[in-house]
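Have a look at the structure below before the remarks.
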Amino acid sequence: MTKAELEKVFYETFGQGETPRCFFAGGRVNLIGEHVDYNGGHVLPCALTMGTWALLRRRSDDRLRFFSVNFPQAGVLEGTLSNVRFQERNQWTNYVLGMLFALRERGIELSSGFELLVYGNIPNGSGLSSSASLEVVAGAAIRACYDLDVTDVELALLGQRTENGFIGLNSGIMDQFSIALGKEDHAVFLDTGTLSYEYVPVALGEHVILIMNTCKRRTLADSKYNERRSECERALAALQKALPVKDLASVGVRAFEENKHLIENETDRARAEHVVYECARTVEACRKLRAGDLASFGRLMDASHDSLRDLYAVSCRELDTLVSEARACEGVLGARMTGAGFGGCAVAIVRRDAVDAVCEKVGKAYEAAVGYPCAFYVASIGGGPKEL
Ligand code: GLA
């Protein structure tokens, strides 16, 4: 939808008056470095040009009024600044209320309520971070309209705080960070232990990033996610008996091999093994990307997926089908699941002139195996949040 179309819906919903300000933030796709961002590891995500639009207009009272073009049947959802708390019935607005909660924790109170209309074109539940996109775009709109002194990094941290402290998902910082600090045609090589980061050009020449959506509704993802996080914490505690490390990312492959026997629980040990090797793989993959060695980059993506499937157990039949079918195609350099897992999307590096054939072949095989179709998008890498 265009800005003008969104404005029209805004006026129809909330009435005429001052012109709302319009903002956009992308979704994200992670190229490699999965389930390491809550273990202090490096990640390599990109912001997408698919994302979320937010139109905001301040009110003079303390009321909050919300409308989503994507969920018109929910109607206008209402709240007040004096009652910012998580409630099921607040539906998607919990992500916006969470940002108000996180701002308040930092001593920032809004002087008045607002009207907010949102529209997104990230497929729901696809694991391309529609929720982080909503948090960041709402945060960027609130920051601008209330003239708040909040940096992009802080915006990302407020989004993570929303997930951890309001929604109840103990996620890392990757999604919000890559969206809040995205750069066109670049990946963000982020050290989640220190939040230092570098932009890496995604110059793939004759190749593209192909996103393959299982279209499987993610189930159990949240509880399994928090479970993985606890498993990592237990494994770290066991290693800390011998190693002075602050997180699993600091262990290193060699020290891990020498000390892994300290992790008695076999499952916890497998989880830690994934994290330690994935951290090393991501640093290596970034080096390969900078050097333009896409073949090696692709092989590291393959290894990442296999580890997420076998050691970390966050893949599923649908993702495995997409990945193995893609890998079997001519012109595919590597494929892996991306994001939290249990559904959502996989990502592959594919030669541009092979994309149609890959989609055709993988699409047919997927539907035959799974019983419903998948979807494909050639990723286009966008920048950080902006006002339109
Ligand atoms: C989700 C979380 C991120 C990250 C990924 C897995 O997207 O929100 O913080 O942990 O899963 O890499």
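A short reminder: the numbers here are calculations on the coordinates, not readings from a lab. None of these values were measured; they are calculated from a predicted model. For neighbour counting, all protein chains shown are included, and Cβ atoms are generated from backbone atoms with ideal geometry for every residue, glycine included.
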Revision key, fill the gap. To the nearest 0.05, the calculated FRET efficiency linking ASP62 and TYR11 through their beta-carbon distance, R0 being 25 Å, is 0.65
Review point. Applying 1/(1 + (r/R0)^6) with R0 = 22 Å to the Cβ-Cβ distance of GLU206 and ASP306, what FRET efficiency is obtained, to the nearest 0.05?
Key: 0.25
Revision key, fill the gap. Here the gain from full extension of ALA4 to VAL283, 0.36 nm per residue of separation minus their alpha-carbon distance, amounts to 96.1 nm
Point to revise | Value of [θ]222 nm, deg cm²/dmol, for the chain, DSSP H segments ≥ 4, -39500 (n - 2.57) each, nearest 500 | key: -12500 deg cm²/dmol
**Study point:** Rounded FRET efficiency, nearest 0.05, which uses the C-beta distance separating VAL76 from LYS386 and R0 of 41 Å
**Key:** 0.95
Exercise for review: Give a quick list of GluC sites (Glu not before Pro) in the stretch 220-283 that DSSP marks as loop, anything other than H, G, I, E or B, with at most 16 other Cβ atoms within 10 Å.
Suggested key: GLU264
Exercise for review: Would you work out if the stretch 174-214 is rounded, prolate or oblate? Take a ≥ b ≥ c from the square roots of the eigenvalues of the alpha-carbon gyration tensor; rounded if a/c is under 1.5, else prolate when a/b is larger than b/c, oblate otherwise.
Suggested key: oblate
Review point. If you average the sequence gap of Cα pairs under 8 Å that are 6 or more apart and divide by the length of the chain, what percent do you get for the contact order?
Key: 23 percent
Exercise for review: Return the distance in nm (one decimal) between the two label points of a simple spin-label model at VAL153 and GLN240, each offset 7 Å from Cα along Cα→Cβ.
Suggested key: 2.4 nm
Practice item. Please identify every one of the GluC sites (Glu not before Pro) in the stretch 74-121 that sits in a loop by DSSP and has no more than 14 other beta carbons within 10 Å of its own beta carbon. Key: GLU109
Practice item. List, in the order given, every pair from LYS183/LYS288; LYS183/LYS246; LYS8/LYS386; LYS216/LYS386; LYS288/LYS364 whose Cα-Cα distance in the structure shown is over 23 Å. Key: LYS183/LYS246; LYS216/LYS386; LYS288/LYS364
Study note, to complete from the structure: Ordering 126-132, 150-156 by per-residue average of other C-beta atoms within 10 angstrom, highest first, gives 126-132, 150-156
Review point. In the stretch 303-353, which GluC sites (Glu not before Pro) are in a loop and have at most 14 other Cβ atoms within 10 Å, using DSSP for the loop call?
Key: GLU330
